[in-house]
1. So what's the net charge close to residue 258: Lys and Arg +1, Asp and Glu -1, counting the other residues with Cβ under 15 Å from its Cβ?
2. So if I restrict to the alpha-carbon atoms in the stretch 178-270, what is the Rg, and what is Dmax, the biggest pairwise distance, in Å?
3. Multiply the residue separation of residue 281 and residue 118 by 0.36 nm, subtract the distance between their alpha-carbon atoms, and state the gained length in nm to one decimal.
4. Return the distance in nm (one decimal) between the two label points of a simple spin-label model at residue 248 and residue 127, each offset 7 Å from Cα along Cα→Cβ.
5. Using the basic label-point model (7 angstrom from Cα toward the beta carbon), what is the residue 200 to residue 54 distance in nanometres?
6. Of 38, 280, which has the most accessible area and how do the rest follow, probe 1.4 Å?
7. Need one word for the stretch 222-270: rounded, prolate or oblate. Basis is the Cα gyration tensor (sqrt eigenvalues a ≥ b ≥ c); a/c below 1.5 gives rounded, then a/b vs b/c decides.
8. What does the extension gain come out to for residue 290 and residue 21, with contour length at 0.36 nm per residue minus their alpha carbon separation?
Amino acid sequence: MSRLSDITIDVTDDMLSILLTFQIPWHQLNSFTIRGLKQFQIPDIICALRACTSLILLDLRMVDEPPPEVSQETIKDTVTLFTPTDVVLAGYVPHALIASPVVWAALQSLDTENAPLELQVFSCIIRQCKKLTSLRCFVVNEGRISGASSIPLPHLTFLRLGVENASAFPMLEAPSLSTLEVFASEGSELLPCITSFITRSRMRVRAFSCSLDHAVLLETPSESLRALLFALEGSASVEIWRFIWPQDVLDELASGSLLPCAEVLGVSASSFDVFLAMVKRRLQQTTGLYQIGGSMPETIEDFSDMKSRLHQVEEAHNI
């Protein structure tokens, strides 16, 4: 095992204790993934983690809530022994991780998308992540934190942010961000939050996408959508799904006055005919568009005809 650098464990109740009897070169490990980890098993990996001095990726997939009888000091001892640069957490985030500045300080990549975090907890963690370049997360909240200050993330270039609703949207500043993906369980007031984030950070987003988790398309005020599109003026890729684009905004998009630099577009229209008319007009105005997609409240029976009609337009304009 002298060349071993990566370990993935699907945990059973006695797997870790058996594994620790082997002569594994823990100090050489770059990647350590544990799936199905339960809180009572954390003390079993303390010995291994002490020796993981070269660890780059730590992937903990927790499966239960921390029972009160487990000592938080014991858990904290586990996480202050190493400083990985990439961390993936699923299920939930152990409480002790939140209070440990050591484990977050060196992070360049953090993925908690499958471990939903309360906004206050998320903010506490992210304030410690001074070197993040990539972040994937899902944030929930019953109400925005009053008087919350912005959290600077100067090196962040990629953000995939899931929120329960607009009140869970965190106060971030990320001037270097080039890729922004946002998805939400509920979309009311979401677009103004995104616009405020972009303008507050003075970022230049190259690729942007936004979608809702439910199938019903949401009526969208022209003012909030137009403000967001102006903030994305220089973006090469803009996809906004499940929000119905009002006709006046579609007209501006078709004329090329909105998103003039876009090479990729994703649009939600009130009908396929409205979408197709916009596509034809847009293609007459620009040669830079090479990919366009749309969602609309049509039935599945309409799909074959829609695909055929769109294909005819694509052939006519060589896209």
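The values are calculated or read from the model by the stated rules, or taken from the named source; none is laboratory data. Owing to the predicted nature of the structure, the values given are computational and were not obtained by experimental measurement. No Cβ is skipped: glycine too gets one built from the backbone with ideal geometry, and neighbour counts run over all protein chains shown. In case anyone asks, the SASA skips ligands and DNA or RNA and just uses the protein heavy atoms, side chains included. Shrake-Rupley method; radii C 1.70, N 1.55, O 1.52, S 1.80 Å.
1. Net charge around residue 258: -4.
2. For the stretch 178-270, the Cα radius of gyration and maximum Cα-Cα distance read 12.0, 32 Å.
3. Extra length available between residue 281 and residue 118 comes to 54.2 nm.
4. Each label point is offset 7 Å from its Cα along the Cβ direction, giving 4.2 nm.
5. 4.2 nm
6. Largest accessible area first, the list is 280, 38.
7. rounded
8. Between residue 290 and residue 21, full extension yields an extra 91.1 nm.
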